[in-house]
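Laboratory data are not the source of any read-out in this text; all were calculated from the coordinates shown. Just so it is clear, the model here is predicted, and its values are computed rather than measured. Glycine also receives a Cβ, built like all others from the backbone with ideal geometry; neighbour counts cover every protein chain displayed.
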Protein chains: 2
Amino acid sequence: MTALKPISSDLPAIMREIGEAARQAALVLAHASAGAKTRALAAAAKAIRERRSEILAANARDLDEAGRAKLSAALVDRLMLDETRAEGIAAGLEAVAAFPDPVGAVMAKWTQPNGLEISRVRTPLGVVGIIYESRPNVTADAGGLCLRAGNAAILRGGSESFHSSTAIVACLHQGLAAANLPRAAVQLVPTRDRAAVGIMLGMSEFIDIIVPRGGRSLIERVQAESRIPVIAHLEGNCHVYVDRGADLEKALAIAVNAKMRRVSVCGAAETLLVDRAIAEKALPPILRALAAKGCEIRGDQSVRALHSGAKLATEQDWRTEYLDAIIAVRIVDGVEQAIGHINTYGSHHTDAIVTEDNVAAEKFLDEVDSAIVLLNASTQFADGGEFGMGAEIGISTNKLHARGPVGAEQLTSFKYVVRGTGQVRP
Amino acid sequence: MTALKPISSDLPAIMREIGEAARQAALVLAHASAGAKTRALAAAAKAIRERRSEILAANARDLDEAGRAKLSAALVDRLMLDETRAEGIAAGLEAVAAFPDPVGAVMAKWTQPNGLEISRVRTPLGVVGIIYESRPNVTADAGGLCLRAGNAAILRGGSESFHSSTAIVACLHQGLAAANLPRAAVQLVPTRDRAAVGIMLGMSEFIDIIVPRGGRSLIERVQAESRIPVIAHLEGNCHVYVDRGADLEKALAIAVNAKMRRVSVCGAAETLLVDRAIAEKALPPILRALAAKGCEIRGDQSVRALHSGAKLATEQDWRTEYLDAIIAVRIVDGVEQAIGHINTYGSHHTDAIVTEDNVAAEKFLDEVDSAIVLLNASTQFADGGEFGMGAEIGISTNKLHARGPVGAEQLTSFKYVVRGTGQVRP
C-alpha cells in the first residue's frame, strides 16, 4: 500500500525534524527521575481509560478503511480494539509503570589493585526506532517500555492502524505532560507513506537502535537495509521433544498446550519430536488429542503408521513456522538426534524437552542453541510477562545484546564509571 | 595492496570451506570443558616460547617485504616483533588461560509464581570473524580470547603481517592439538587477497559476529558493508576536564599522563578542557609540562593568552583524534559546558574529570555519554587488562552488547534455561 494522504511532499525533512526532536528528548529522559517516568506511565494509563471512546472511534475508522481495502480477516482481528483490549492497553502501561526503573542500576562493581573503583552502570540506549505492523497495542507497549528505560521512541506503526495509533499516542503525550517530560519522548511518524521506513533505517545520526516487529518480510527488509543496529525477532519455529524418560501425562498436556493454546504466537510449537523408544505408547494419545482440537498432523511414514489421519511431511515442514493449527511430527532416535534436528531446522527461538531423566534434560538444555530452552513446560511461556519482565516489545533471536524477551532492561546500555584518587598509568 | 600470491583463484570456495569448518568447530568448542580450553591456551603459550626463533624469522620476512614496499616507520613499528614482544604474546595467552571461563556461568536466576525456575546462562557466540591490521600480537590475543569464550575464530590479519601471523597460528594449533580440540577452532584466512574481507562480511550463514580492529577506514568499511552484527571500536577522541574543584597536583599528573604516556593508543587524551574559574592558575603549569615533553599545544585565544607557544585551534581540532603529541585546549565555563563539549565533539569512548567536588563529579560521571567515564584518573586506563579482564580485543564504542573493553566475557551470548514440572500456560 502506498501513501493514502502524505502530509507533505518533503518526507526527509519531516523525518529529520522528528529525529532531532527525539535526540533532544533523549537527553532529558536519560536523567529524568524514576518517579517522573512512573508518573508519566500511570497518567498515560489513566488517559487511555478516560479517552477510551475516542480510541475506539479512531479504531472504527481504521476498521472501516480496512473493510474497504478488503484486508484479510486475520489482519482485521489484529487491528480491532474493543473495551477489553483497550483496558488491556491501560493495564499494560500500569505493569510497565510498576516495573523497577533499570536506569542507574549498578550491574557490577569491583576495585582494582591500584585502588580504581570500577562500576558498570545501566544507561538508556538513547533513541529507539520501532517499526511494526497492524496491532495498535504495540504503540502503547513500545512507547511505554522505551520511556521506562529512559529512551526516546520513534514509532512507525502499520498504516492500517494509523488512526488508532494516533489516538493512543495522544494519551501517551497526556501522560508525559502530567510528569513534565518532553512530548517528543514518544513520536508517531505522522504519515502512512512507506518511504518513511527506508528513511528511518538510514537515520543513524538520530536513532541508536531499530526494533522491527512484524512478519518475516518486514524483518528481512530491516536487516538488509538498516545502517543502524537492529534487535530483531525472527520467526519462532519451536519444538517439543518427548524423551523416552518423559512422564506421558505431562507430555500430553505440554504438547497440546504448546501447539494449540494460541496458534498465532511466536512461542507456539510447530514440530513435535518423539523418542522412538516410547513412540508407540506416547504418540497416539497426543495425536488424537491434537486432532480432536482441530489440528492437522503431518508426519513421516512411522508417524503415519501410528496415526492414520496424518498427512505425509516433507523436509519443508521441518522448516516451517505454520502459525496455524498444523503440526509436523517426527520420530527420532533419542535426545541426541532431537538436538540435531532442532539445531538444524529450528529458528533458535524456544524449544522444550519433556523428560524425568536428568542426564537427557541437562544435555538438551545445554546443547540446544536457542534463546529459550525449557524442561517440562510449554513453549507458550516464551513471553516477557511470563518471565516477570512486566511486558515485552518482542522475543529477540539475536545473539548480541538482547536474546529472548525484550523488556525495559533489554532496551538499555551501560557505561563504566571509574573512580580514582589521582591514579596515572605507569 | 592486491594479492601477492593468491593461493587459489576460487576465493569464495576457500572462504566457504573455512566457514563450514569454523561452524563445525564451534559446535565442539561450545561444550568443551573449561579445563580443556585452559590446557590449549597454556600449551599455545608454551609453543610460542619454544618456537620463538621460527616466529621471529617469519617476522623478519614480513619486515623485509615491508621495507621493499616502503611502508611507514609507524607501520613497521607495529609490525615488528622482538624477543620481548614475543614473550609478551606468550604471557598474554597465559593471562587469558588464567581468566575464569565465562561459558555456563549463571548470570541471573529466579522463580516465577507458577514454579518455573528461570536461569540466564552464558553461552558462546559461535563463530567470530576478526579483521585487523598489522600488529601480529592480535592474532594470538583474538584467537586466545575467542577460545576462552568457546567461540571459533576466523582471523583475517593484515597482509603485511601474513608470515608472522601464520607462525603464531601454528602455535595456537599446537595448543589445540595438545588439548584434543579441533584445529579449525582458530583459522587464519590463507591469502592476502583483500577480496577475502568482502566475502567474510557477507558470510552470515557461518559467522555470528564481526570484530574489526584497525583504523577508521577499516571500521567504516566494515560497518557499511557487513551483513553480520559488528562489535566496532571507533576512534577515541578522549577528554580530560579540570574542574574548579580540582586538586591541581592531581590535575597536572593526570593531564600529562593521559596525553603523553603513549600518544598512539585509543585512550590517549586529545582535548584538555579547563574550568575558567581556575584556568589562570591551573593551566600554565600543565601546558609548560606538556610542552617540555614535546607536545604541541593548540588553544583558543584565552589559552594563547596564558601560554604564548600555543597555536590557534579551529573547531576541527575539537573533533580530531590526533594519536600524536598534539593536544587541543579549551577553557569552559564549568562542568555543564565541559559535558556539552564532550557529548558534542567526543567519540563516546573515554573521558575524565579531575575534581574534589562531589556534585560536579557525579554530574560529569552521569551525564557524559561515553563507554568509560573516570574521576581523578588518567584516560590511559581505558584497557581490558587495567579493568581486570585479562586481555581485550579492543574497546567497543557500540551501545549494544559490548561497550568499553571487549574481553572473553564480552564475546559471549546467553540463553534462558527454564525448568518446570509440567506447567502449561493458561
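Some observations on this one:
- Zone of A:V359's modelled label, taken as backbone nitrogen in the stretch A:316-350 under 20 Å from a point 7 Å along Cα→Cβ: A:332-340
- Estimated FRET transfer efficiency (A:L27, A:T84; beta-carbon r; R0 35 Å; 0.05): 0.35
- C-alpha long axis of helix B:137-148 to longest principal axis of chain B, angle in °: 60 degrees
- Calculated label separations, A:T314, copies of the chain, 7 Å along the beta-carbon direction, nm: 6.6
- For B:A246, the residues whose amide H sits under 5 Å from its own are B:E356, ignoring neighbours fewer than 5 places away on the same chain, with H placed 1.01 Å from N.
- Per residue of B:365-375, other chain Cβ atoms within 10 Å of the residue Cβ number 5 on average.
- Taking amide H positions as modeled 1.01 Å from N, with prolines and chain starts lacking one, the residues under 5 Å from B:L188 and 5 or more places away or on another chain are B:L155.
- The stretch A:231-290 and the stretch A:177-230 have Cα centres lying 36 Å from one another.
- Over the stretch A:238-381, Cα pairs under 8 Å with separation of 6+ residues give a relative contact order of 34 percent.
- In order along the stretch B:267-276, the phi-based Karplus estimate (6.51 cos²θ - 1.76 cosθ + 1.60, θ = phi - 60°) of 3J(HN,Hα) comes to x, 5, 6, 10, 10, 10, 10, 10, 5, 4 Hz; Gly and Pro are listed as x.
- Helical content alone sets the calculated 222 nm signal of chain A at -13500 deg cm²/dmol, taking -39,500 (n - 2.57) per DSSP H segment of four or more residues and averaging over every residue.
- Relative contact order %, chain A, counting alpha carbon pairs below 8 Å whose residues are six or more apart: 18 percent
- Helix A:83-98 vs. chain A, principal-axis angle (Cα, 0 to 90°, nearest 10): 70 degrees
- Candidates B:I327, B:I286, B:I342, ranked by Gaussian network fluctuation over chain B, Cα under 10 Å, top entry: B:I286
- Note, ³J(HN,Hα) from phi for the stretch A:384-394, Karplus 6.51, -1.76, 1.60, rounded to Hz, x at Gly and Pro: x, x, 5, 8, x, 9, x, 6, 8, 9, x
- Pairwise label distance in nanometres, A:R244 with B:D324, each label 7 Å out on the Cα-Cβ vector: 7.2 nm
- Exposure proxy ranking for A:C295, B:C238, B:C266, based on other Cβ atoms within 10 angstrom of each Cβ and starting from the fewest, stands as A:C295, B:C266, B:C238.
- Copies compared at A:T344 - label distances in nm, ascending, label defined 7 Å from Cα in the Cβ direction: 6.0
- Remark: mean inter-chain Cβ contacts per residue of A:348-356 equal 1, using a 10 Å Cβ-Cβ cutoff to other protein chain atoms.
- Comparing A:M80, A:M107, A:M260 in a Gaussian network model of chain A where C-alpha atoms under 10 Å apart are linked, the largest mean-square fluctuation is found at A:M107.
- The stretch between A:E336 and A:R262 holds 23.7 nm of extra length on full extension. This uses 0.36 nm per residue minus the Cα-Cα distance.
- Rounded to 5, the percent of DSSP beta bridges in the stretch B:16-173 classed as antiparallel: 50 percent
- Both radii are taken from the alpha-carbon atoms of chain B; with Rh as the Kirkwood radius, Rg/Rh is 1.02.
- Beyond 24 Å, the tail of the calculated P(r) for the stretch A:238-381 holds 17 percent of the Cα pairs.
- Per residue of peptide B:393-405, the mean number of Cβ atoms on other chains within 10 Å of the residue Cβ is 4.
- Principal-axis tilt of helix B:216-225 within chain B, Cα atoms, nearest 10 degrees: 50 degrees
- Listed residues A:V373, A:A305, A:A30: farthest to the positive end of the dipole of chain A (Cβ charges): A:A30
- When each of the peptides B:287-293, B:207-213 is scored by how many other beta carbons lie within 10 Å of its residues on average, the order from highest to lowest is B:207-213, B:287-293.
- Filtered trypsin sites (Lys or Arg not before Pro), the stretch B:66-109: DSSP coil and at most 13 other beta carbons within 10 Å: B:K70
- At 7 Å out from Cα toward Cβ: A:K293 inter-copy label distances (nm, ascending): 7.0
- Considering the rotation that superimposes chain B on chain A, the residue of B whose beta-carbon lies nearest the axis, and that distance in Å, is B:H401, 2.
- Rounded to the nearest 20 debye, the dipole magnitude of chain B is 1060 debye, with +1 charges on Lys and Arg beta carbons, -1 on Asp and Glu beta carbons, and the Cα centre as origin.
- Extending 7 Å from Cα along the Cβ direction at A:A291 and again at A:Q316 yields two label points whose distance is 2.4 nm.
- Subset of A:K399/B:K250; A:K109/B:K415; B:K46/B:K109; A:K46/B:K399 violating a 31 Å alpha-carbon distance limit: A:K399/B:K250; B:K46/B:K109; A:K46/B:K399
- Close amide H partners of B:A408, meaning residues 5 or more places away or on another chain with modelled amide H under 5 Å apart, are B:A391.
- Along the stretch B:191-199 the Karplus relation, 6.51 cos²θ - 1.76 cosθ + 1.60 evaluated at θ = phi - 60°, assigns HN-Hα couplings of 7, 8, 4, 5, 4, 4, 5, x, 5 Hz to successive residues, with x for each Gly and Pro.
- For chain A, with +1 on Lys and Arg beta carbons and -1 on Asp and Glu, the positive-most of A:L188, A:S119, A:G198 along the dipole: A:L188
- Projecting the Cα positions of B:W318, B:L290, B:V335 onto the charge dipole of the stretch B:201-339 (unit charges on Cβ atoms of Lys, Arg, Asp and Glu, taken about the Cα centre) puts B:L290 furthest along the positive direction.
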